[in-house]
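I have placed the structure first, in the form of structure tokens, so that the comments after it can refer back to it.
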Amino acid sequence: MAIDGIFLHLLLRELEPLCGDARVDRIHQPARESLLIALRSRAGQKRLLLSASPQTPRIQLTESSYENPGVPPMFCMLLRKHLQGARLMQFSQVARDRIVRIGFEGRNDFGDITHPELVVEIMGRHSNIILTDGEGRILDAIKRIDPTMSSVRQVLPNLPYELPPMQEKLDLLSDGAEAVSARMESLSGQPVAKAAMAAVMGISPVVAGEIAAYVSRGGPGTMETLGKEERGRLRFFLRELRGKIESGGRPTMVLTREGAPKDLTFIEVNQYGQQLASRSYPSYSALLDAFYSQKDLSERMKQRSGDLFRLLSNLSERTERKLQHQREELLQSQDRDRLRIQGDLLNANLYRLQKGETMARLENFYEPDSPILEIPLDVRLTPAQNAQRYYAEYRKADTAERMLRRLIEEGEADFAYLDTVMDNLLRATSEAELDAIREELVKGGYLRRRAGKEKKAHRLEPDRYRSSDGFLILRGRSNLQNDQLTMREARKNDLWFHTQNIPGSHVIIVTGGERVPNRTLEEAAILAAYHSKAQGSALVPVDYTEIRNVRKPSGAKPGFVLYVNYQTAVVTPREELVRSLAEKGGAK
């Protein structure tokens, strides 16, 4: 699922028109390992995205939106110093490998012309973005590599930049199909796909799989078993592949049957038959935007919400352990009647007992047919004191049961509430939502307010949707906002939706006193199911009723309400419908 060298070669062709024309307007670092460079040219504004993330390394033009941190990281500040206002001069690829040099021309503080360079290494978990001074000296990198991390190659300020070790493979474009075919044939014991990966520079497993599928056609898959016809097909396919590359290729995404992105490449994919689908895109940058947009968002939110995720996980585990202990204590306290019976039997037989005895063997008049009951005694106490000791333990167990039931009820409510906060956190798509979750936890006493001057929190607005029939639909993005929408802003005849016994958002149809058509009811139910913990499920039950039937109990946790006179719709969340209903700029 990685960008290969040939894909990168074709992508850089798309970027070449920017060279010599575009200047760096702004630089941001939206995530720890990603950069966004705004370029200004005669053709208008363009945004160049560079990512060294292990999961999503790449270089591309993007039209996706990225939220920037309030305080720019140090590497971002260094880039602004050296690249702000500089002219973009060239993109160059090292051999056919996944290394791109981006050359700039700028001026330093003294007005002298400089030629800083960004080196983007797209190599999975070893990916990096390195700023050099144009003469081979490293100024800094988005990921510093010191001797404790690698004894082969360090990436640190003031060291000379060295290329990673090169692979001894052939370049299909410069070496030709015949030479590549001969190299593959020399790897006689290898399967066709592995031989292609070992011989050809810049191809990914999906391209190697296309070569193998065309050559062997389901037959023997090793190079030594290929006959004359198969070898001829190999040379033909390599020549055709070279021609497709020279003509620009075809930006293609491989998708599962459910439509989820699976892989990407630069040619049409046929090896999977009917098992997987494929879709072509007008450009390689558009393909990358479509493939990585959701992954980028998830990764950025994961980085920024790590502290909240750890806090909620620890709180949930602690609450669960406490509940387990309390339930065990409750089971023990439910045997308290035995203590009362033992006290009664001792009281009734005081005349038969003497101080210093260790055991009383008495008939149980509560169960005449039962055997003699043995009651342990404390030798330090009189028989009457032993009886009072059992009564005291009975009263203690009785009080403990009442308290434990109340504590368990509170603990279960607490656990359910933390589950809703975790659900909101996992579905958060912006810094404003993270700030709202932090504020909610502070108000609930789960989190201390940060020391020092607090940055001004982003105002969190509810998501806005417009149904197919024109009705406004609002969706709460936090538990506090759920309360605000449902209990304060909604009118009595507005309709309220929530997944049945599943954490999720409150969804409100603003009726304006009008009758709501079934289509809008279904769309609101789908929105509630999508914005819930059941987002990836099918046949999700969603309850709905008028706001007049919803109330919040006194002292209840944020987001918790009770409701009556409701109906239930069973729907399946559909992301494409949710996106189509979102008002521009009003929903995530």
Revision key, fill the gap. On the accessible surface of the chain, probed at 1.4 Å with all protein chains in place, carbon and sulfur together account for a percent value of 49
Exercise for review: Classify the chain as rounded, prolate or oblate from the Cα gyration tensor: take a ≥ b ≥ c as the square roots of its eigenvalues, call it rounded if a/c is under 1.5, otherwise prolate when a/b beats b/c and oblate if not.
Suggested key: prolate
Study note, to complete from the structure: Other residues with Cβ under 13 Å from the Cβ of residue 552 give, with Lys and Arg +1 and Asp and Glu -1, a net charge of +2
Check your understanding: Given labels modelled 7 Å from the Cα in the Cβ direction, how far is it in nm from residue 310 to residue 268?
Key -> 5.2
Point to revise | 1.4 Å probe accessible area per residue over the chain, in Å² | key: 52
Review point. To the nearest 10 degrees, how steep is helix 5-15 against the longest Cα principal axis of the chain, on a 0 to 90 scale?
Key: 80
Practice item. For helix 177-186, report the angle its Cα long axis makes with the longest principal axis of the Cα atoms of the chain; keep it between 0 and 90° and round to the nearest 10°. Key: 60
Check your understanding: If you find the alpha carbon centre of the stretch 128-157 and of the stretch 500-527, how far apart are they in angstrom?
Key -> 54
Study note, to complete from the structure: Net charge (Lys, Arg +1; Asp, Glu -1) of residues whose beta-carbon lies under 14 Å from that of residue 515, residue 515 excluded, is -3
Review point. Using a 1.4 angstrom probe with every protein chain in place, what is the largest-first accessible-area order of 175, 146, 483, 463?
Key: 175, 146, 483, 463
Review point. Where the centre of each part is set by its Cα atoms, how far does the stretch 25-73 sit from the stretch 226-291, in angstrom?
Key: 27
**Study point:** the chain: angle of helix 431-443 to the longest principal axis, Cα-based, in degrees nearest 10
**Key:** 20
Exercise for review: Would you mind classifying the stretch 197-286 by shape? Square roots of the alpha carbon gyration tensor eigenvalues, ordered a ≥ b ≥ c; an a/c under 1.5 is rounded, otherwise it is prolate if a/b is larger than b/c and oblate if not.
Suggested key: oblate
Point to revise | Percent RCO, i.e. relative contact order, over the chain, from Cα pairs under 8 Å lying at least 6 residues apart | key: 8
Review point. Once you sort the root eigenvalues of the Cα gyration tensor of the stretch 1-155 as a ≥ b ≥ c, which label holds: rounded (a/c under 1.5), prolate (a/b larger than b/c) or oblate (the other case)?
Key: rounded
Practice item. Go through the stretch 268-282 residue by residue and turn each phi into a ³J(HN,Hα) via Karplus (6.51, -1.76, 1.60, θ = phi - 60°); whole Hz please, and just put x for glycine and proline. Key: 5, 10, 10, 5, 8, x, 8, 5, 10, 9, 9, 9, 9, 10, x
Check your understanding: Where does the chain land at 222 nm, in deg cm²/dmol rounded to the nearest 500, when only DSSP H runs of n ≥ 4 count, each adding -39500 (n - 2.57), divided by all residues?
Key -> -12000 deg cm²/dmol
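The values are calculated or read from the model by the stated rules, or taken from the named source; none is laboratory data. The model shown is predicted, which means the values in this text are computed figures rather than measured ones. Methodologically, a virtual Cβ is constructed for each residue, glycine included, from the backbone with ideal geometry; neighbour enumeration extends over all protein chains shown. These accessible areas exclude ligands, DNA and RNA; they are computed on the full protein's heavy atoms, side chains included. Shrake-Rupley method; radii C 1.70, N 1.55, O 1.52, S 1.80 Å.
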